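Trainee: Would you mind keeping the following structure in view while I ask a few things?
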Number of protein chains: 2
Amino acid sequence: MNAQDFERWTQASLNAFESALDDLVPAGAPAGLGEAMRYAVLGGGKRLRPLLVLASCAAVGGDSFAAMRAACAVELIHAYSLVHDDMPCMDNDVMRRGKPTTHVAFGEAQAMLAGDAMQALAFEVLTPLESEGSGIAPALQARLCSLLARSAGHDGMAGGQAIDLASIGKQLNEATLRDMHRRKTGVLLQASVMMGAACGPASPRATQALSDYGAALGLAFQVVDDILDVTQDSEVLGKTAGKDQDANKPTYVSVLGIHAARTLAQQLRAEAKAALAASGLADVSHLSLLADSVVERDN
Amino acid sequence: MNAQDFERWTQASLNAFESALDDLVPAGAPAGLGEAMRYAVLGGGKRLRPLLVLASCAAVGGDSFAAMRAACAVELIHAYSLVHDDMPCMDNDVMRRGKPTTHVAFGEAQAMLAGDAMQALAFEVLTPLESEGSGIAPALQARLCSLLARSAGHDGMAGGQAIDLASIGKQLNEATLRDMHRRKTGVLLQASVMMGAACGPASPRATQALSDYGAALGLAFQVVDDILDVTQDSEVLGKTAGKDQDANKPTYVSVLGIHAARTLAQQLRAEAKAALAASGLADVSHLSLLADSVVERDN
């Protein structure tokens, strides 16, 4: 697959994804709640997690309806975490994806509720009612809920956020920093890959390889995030640059220095690609090119 | 079943429930998160939702392991909603179940994260890993996740909260008030009954009857809550009394007056019992006595 084919696949996937998500996030939820939910999740973001779900499903030849639902669910979890993370009691950020954060636009109470409802919606999306037509096998629904809940909760994203909160102003060694980011960002990225794999018949060997790929890619994503936080300005990022530094949060750049952080990102990309090579899967080109795009991105 | 048998069943059920919940809420979650989660959900509350799950499962002769998991999951959702609802940007309440609210004890950021992690944990609890031993049939896992997500989300609890927020200082008619409370409180109580019923082989007739029972009971619960808010003091309630009145929120008492509100509670109890009588189920005594306890409670 060349760069042009990948670009074409990415665009087609994103178009289908945006349309599916638009259908699933209710405009009609009461008292402005639907508006806040739609503001927080539609029409913005890199959509890396959905692309990972879809690419992983394609690699195992899986059920594309289920994968699209999983892609929407994982993005809902990611987007809700941003809404809550941006609130005054957390990072107190006013700009996200180039526009005012949800609590700035809708007030804190509505933002908190929208985040809460988005998390619930993620699990609704994974368990479609029979009346919604094309279904997902019940065992796959259960497996997807299990993967998503565990990556979002205390042992995953929420746990990572708690460590993050507690780490402000502290010196961390690389191992602790890695554990924090594994939970905070890595686990949900890895779960995206695993949810895609769950949609198809993946061998134990392929499943393990995709898990290793997801773990390496998840860390690479965060290392690059930390690099961009100090090398890019807010306009390119679409969010406030330099905020980790300002908040006195430990980052890969503050712990390792910018040079070693860049080297680590390259190492993690190589690890991710080595895992794909060991998977025994015939076509892992989308996943491979997604690893490139994570490491080479500028926002 | 006499009052003494019911008391014995309730105590035994609550003991088993508290023990199961204690096992499931992780003490070891990082950076104080587990402590905040356990503070918010263990050792307090009436546990009405878990009792409804267990009583409904008993009425249909269902899988008691699955029902206990469902009982824990629904209480986690209820408890997380209280944590978020008590926060300064929502009701700004400092006392709950006779002790400081979670954000007072742990700070706002940790309270928000604990609530978020508790919602995720509810879905983890419903989708046990094979390594956790005794399992739940995958189709039942999916069904329980579907019921819980829909009752917690935009069309249920979170949507009701949004209406509640928007209603402050407004005059509502009884129909709008009923819709708000149906979503905010009723849907999760009804879902508790339906989750219990899903654990067993319930006929369509029994399922419909239990749904009607849950709907009536859910509204009765809220009507009684509104009555107690003006007739009891904070010490008996374990939370701030008179707060709806102070916040200028419409309630059944403010819309109907105390006398008509009391009459409505009795009517709803009669509706709930009529539904049970129509269910065709042999033993609905626990559910019937739970309806009595909802209407006759003093806190």
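Quick note: the coordinates plus some simple rules give every number you see, no bench work behind them. Everything quoted here is computed from the prediction, not taken from an experiment. Counting neighbours? That spans all protein chains shown, and the Cβs are built from the backbone with ideal geometry, glycine included.
Trainee: At q = 0.12, 0.17, 0.18, 0.21 Å⁻¹, what log₁₀ I(q)/I(0) does a Debye calculation on the Cα points of the stretch A:95-171 give, no solvent, two decimals?
Mentor: For the stretch A:95-171, the Cα-only Debye profile gives -0.54, -0.91, -0.95, -1.05.
Trainee: Based on the Cβ-Cβ distance of B:Glu132 and B:Glu35, what FRET efficiency does E = 1/(1 + (r/R0)^6) give at R0 = 22 Å, to the nearest 0.05?
Mentor: The computed FRET efficiency comes out at 0.45.
Trainee: Can you give the Rg/Rh ratio of the stretch A:3-296, where Rg is from the C-alpha atoms and Rh is the Kirkwood radius?
Mentor: Here Rg/Rh amounts to 0.95.
Trainee: Can I ask one more? Placing a label point 7 Å from Cα toward Cβ, how far apart in nm is A:Gly242 from its equivalents in the other copies, listed shortest first to one decimal?
Mentor: For A:Gly242, the inter-copy label distances come out at 5.2 nm.
Trainee: Nm distances between the label at B:Ala274 and the same-position labels in the remaining copies, 7 Å along Cα→Cβ, shortest first?
Mentor: Taking the point 7 Å beyond Cα along Cα→Cβ, the inter-copy spacings are 7.2 nm.
Trainee: Shifting gears a bit: Which whole-number percentage describes the relative contact order of chain B, with Cα contacts under 8 Å and a sequence gap of 6 or more?
Mentor: 20 percent
Trainee: If Rh is defined by the Kirkwood formula over all Cα pairs and Rg also comes from Cα, what ratio Rg/Rh do you get for the stretch A:141-185?
Mentor: Taking Rh as the inverse mean 1/r over Cα pairs, Rg/Rh reads 1.11.
Trainee: Reachable aspartates and glutamates from A:Lys273, Cα under 13 Å, same-chain residues fewer than 8 places away excluded?
Mentor: A:Asp212, A:Asp283, A:Asp292
Trainee: Let me know the Rg and Dmax you get for the protein assembly as shown when you use only its Cα atoms, in Å.
Mentor: My reading of the Cα-based Rg and Dmax gives 24.3, 76 Å.
Trainee: With only Lys, Arg, Asp and Glu charged, each at its Cβ (+1 for the first two, -1 for the last two), find how big the charge dipole of the protein assembly as shown is about the Cα centre; round to the nearest 20 debye.
Mentor: Result for the protein assembly as shown is approximately 500 debye, rounded to the nearest 20.
Trainee: Give me the net charge of A:Pro50's neighbourhood, meaning all other residues with Cβ under 12 Å from the Cβ of A:Pro50; Lys, Arg count +1, Asp, Glu -1.
Mentor: Spelling it out: positives minus negatives among the neighbours equals +2.
Trainee: If you put +1 on each Lys and Arg Cβ and -1 on each Asp and Glu Cβ, how big is the dipole of the stretch B:3-296 around its Cα centre, in Debye rounded to 20?
Mentor: Roughly 520 debye, rounded to the nearest 20.
Trainee: Of B:Leu51, B:Ala277, B:Val104, which is farthest along the charge dipole of the stretch B:3-296 in the positive direction, counting Lys and Arg as +1 and Asp and Glu as -1 at C-beta?
Mentor: B:Ala277
Trainee: Just to confirm the numbers: B:Thr231, label point 7 angstrom along the Cα-Cβ line, distances to the other copies in nm, shortest first?
Mentor: Its label point is 6.9 nm from the equivalent points in the other copies.
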